[in-house]
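Undergrad: Sharing a structure with you now.
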Amino acid sequence: MIEKILGNLKIETLNHMQLATLEASKTSNDILLLSPKKKKKTLGFLLPMVQRLDPENKNVQALILVPSRELALQIEQVFKQMGTGFKINCCYGGHSTREEKKNLSHPPAVLVGTPGRIAYHLRNQTFATSGIETLVLDEFDKSLEFGFQEDMSYIIFQLKKLRKRILTSATNLEVIPDFTGVDEPAVLNFLHEKAPTKASLKLKYLQAPDNDKLQMLLELVCKLDNKPTLVFCNHRDAVERISMLLAEHSLAHGIFHGGMDQEDRERALIKFRNGSYRMLITTDLASRGLDIPEIEAVIHYQLPSSEDVFTHRNGRTARMNASGTAFLMLAIEDHLPEFLTEKPEEETLPEHFVLPTEAPWKTLYIGAGKKEKINKMDIVGTLLQKGKLLKEELGLVEVLDHFSYAAVKSDKVDTVLDLLRHEKIKNKKVKIDLSR
């Protein structure tokens, strides 16, 4: 089966971490996998999990708990790409509970979700736990940080038939809470391993003349022009303040934090991925576990609370063979973090700033998705044929459950909307408009 999965994923061989996890699963019921590599780690725990699934068992057999909706969706996507023939469902806050209950009425072999929503379904007896033998606590350290202990404890207490537990973390855990049931696990520690890349991360700092860093941030953003940039804050109100400043200067950007509706968060990520936004202002919710594009600059508007947080934030840039720059922004009373081994270079800003040029893409909203039997090729065909777009004028297309998004060159949006005003997709009248 593994050879088939690798073929479906277009992967030639497993890496050292994945092989080690598979080997450990043969002899250990509990595994603690410490790794900063999200995508490779996902396959690392999915492979031994799949090997335990029974095609004759019609109940949920494996449960994966994750700290965020975005991570749940990514795991679901990777599992589907594996082509195992087993069903997977995804449950998370902000998603229709009615739709989730309908999906769970025909139980999947694998269920992935956030602790709050999975606990909700258990309290409402939406699915049975009697067949669940495998539990994965992915990014467990993040789940603890987000305060999911109570929900996770409640869930795990219901799982009476567990035989295997896999706990993953991007930081070293001094103590594993008792409620996990993890006892003397096989510890696979890959935190010390550096990625085999030629990536180059430069570190710079800026010192504001007072305690107001907003103007300095605006000037830095203008100097970076349209480089894909993440601005990290420690608090939601800082994200909102920065957003107000950028809006005053008509600078397109997205915001992302835990206080937003799931749909708004997802739309912000989609626009960032497709290039409609070149800048995303966020809390540490986006420091890991998200499917976001190659970032050229990371700005620490507020200093990270620890070296681990600093590492995860910076990990969004300088990946693979790319290079990137991380900027530390200091108010007049701030000092560089003690964990820095050497003082970074100071960034200089021009006397006069020029606002960045407009992003080359804009995003169309399409009011239909997978549940309406609309797929990516339906949308691409409509935009190319009826919208008269050239292939290079159409960017990333993403199809969700009940709506879709498509990136179109900014100078073509008005023409496309005019051409598609009375058109249908698959003989269905579908709303197509500029995404808000």
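The values are calculated or read from the model by the stated rules, or taken from the named source; none is laboratory data. Treat the numbers as computed from the prediction; the structure is a model and nothing was measured. When we count neighbours, we look across all protein chains shown, and the Cβ atoms used for this are built from the backbone with ideal geometry, even at glycine.
Undergrad: Can you name the residue in segment 152-197 that is within 21 Å of the chain's Cα centre (by Cα) and in a strand (DSSP E or B) and is also nearest to Ser305 (Cα to Cα) among such residues?
TA: Here the residue is Ser169.
Undergrad: Residues in segment 73-123 that are out of contact with any strand residue (DSSP E or B) (no Cβ under 9 Å at 6 or more places or on another chain) and charged (D, E, K, R): how many?
TA: 5
Undergrad: Sticking with this one: Which residues, taken from segment 343-402, are in contact with a helix residue (DSSP H, G or I) (Cβ under 7 Å, 6 or more places away or on another chain), within 22 Å of Gln262 (Cβ to Cβ) and not hydrophobic (A, V, I, L, M, F, W, C)?
TA: Result: Thr363, Glu398, Asp401, His402.
Undergrad: Sticking with this structure for a sec: Condition first: touching a residue at least 60 places away in the same chain (Cβ under 8 Å), part of a helix (DSSP H, G or I) and buried (at least 21 other Cβ atoms within 10 Å of the Cβ). Now tell me which residues in segment 300-319 satisfy that.
TA: Scanning segment 300-319 gives His312, Arg313, Asn314.
Undergrad: Let me ask another. Out of the residues in segment 394-410 that are among the charged types (D, E, K, R) and modelled with pLDDT under 95, which is surrounded by the fewest Cβ atoms within 10 Å (Cβ to Cβ)?
TA: The qualifying residue surrounded by the fewest Cβ atoms within 10 Å (Cβ to Cβ) is Asp401.
Undergrad: List pairs: first in segment 174-185 and touching a residue at least 40 places away in the same chain (Cβ under 8 Å), second surrounded by fewer than 14 Cβ atoms within 10 Å (Cβ to Cβ) and of a type outside the set (A, V, I, L, M, F, W, C), Cβ under 9 Å, 6+ apart or cross-chain?
TA: Here the result reads Ile176/Asp183, each pair linking segment 174-185 to a residue that is surrounded by fewer than 14 Cβ atoms within 10 Å (Cβ to Cβ) and of a type outside the set (A, V, I, L, M, F, W, C).
Undergrad: In the set Pro55, Pro67, which member is part of a loop (DSSP other than H, G, I, E, B) and under 22 Å from Phe256 (Cβ atoms)? So that I can check it myself, show each step before the final result.
TA: Details: Pro55 fails: under 22 Å from Phe256 (Cβ atoms).
The match here is Pro67.
Undergrad: So, in segment 379-395, how many residues would count as being outside any helix (DSSP H, G or I) and out of contact with any Pro (no Cβ under 9 Å at 6 or more places or on another chain)?
TA: The number of residues fulfilling the criteria is 5.
Undergrad: Then there is this: Can you tell me how many residues in segment 258-288 are surrounded by 19 or more Cβ atoms within 10 Å (Cβ to Cβ), modelled with pLDDT under 90 and part of a loop (DSSP other than H, G, I, E, B)?
TA: 2
Undergrad: All but one of (1) part of a loop (DSSP other than H, G, I, E, B); (2) surrounded by fewer than 23 Cβ atoms within 10 Å (Cβ to Cβ); (3) modelled with pLDDT of 90 or more hold for Asp291, so report the exception by its number.
TA: Every condition holds for Asp291 apart from (3).
Undergrad: Among the numbered criteria (1) at pLDDT 95 or above; (2) under 21 Å from the mean Cα position of the chain (by Cα); (3) of a type in the set (A, V, I, L, M, F, W, C), which single criterion is violated by Leu43?
TA: (1)
Undergrad: Here is a list: Lys227, Lys223. Which entry is surrounded by fewer than 19 Cβ atoms within 10 Å (Cβ to Cβ) and touching a strand residue (DSSP E or B) at 6+ places or on another chain (Cβ under 8 Å)?
TA: Values: Lys223 fails: touching a strand residue (DSSP E or B) at 6+ places or on another chain (Cβ under 8 Å).
Only one candidate qualifies: Lys227.
Undergrad: Suppose the filter is of a type in the set (S, T, N, Q) and over 26 Å from the mean Cα position of the chain (by Cα); does Asn211 pass it?
TA: yes
Undergrad: Of all residues in segment 198-217 being among the basic types (Lys, Arg) and not in a strand (DSSP E or B), which is modelled with the highest pLDDT?
TA: Lys213
Undergrad: Within segment 373-387, which residues are in contact (Cβ under 8 Å) with a residue 12 or more places away in the chain, surrounded by fewer than 20 Cβ atoms within 10 Å (Cβ to Cβ) and on the phi < 0 side of the Ramachandran plot?
TA: Asn375, Lys376, Val380, Lys386
Undergrad: A further question follows. Can you tell which of Thr363, Thr348, Thr341, Thr357 is surrounded by 16 or more Cβ atoms within 10 Å (Cβ to Cβ) and of a type in the set (S, T, N, Q)?
TA: From the options Thr363, Thr348, Thr341, Thr357, the qualifying one is Thr363.
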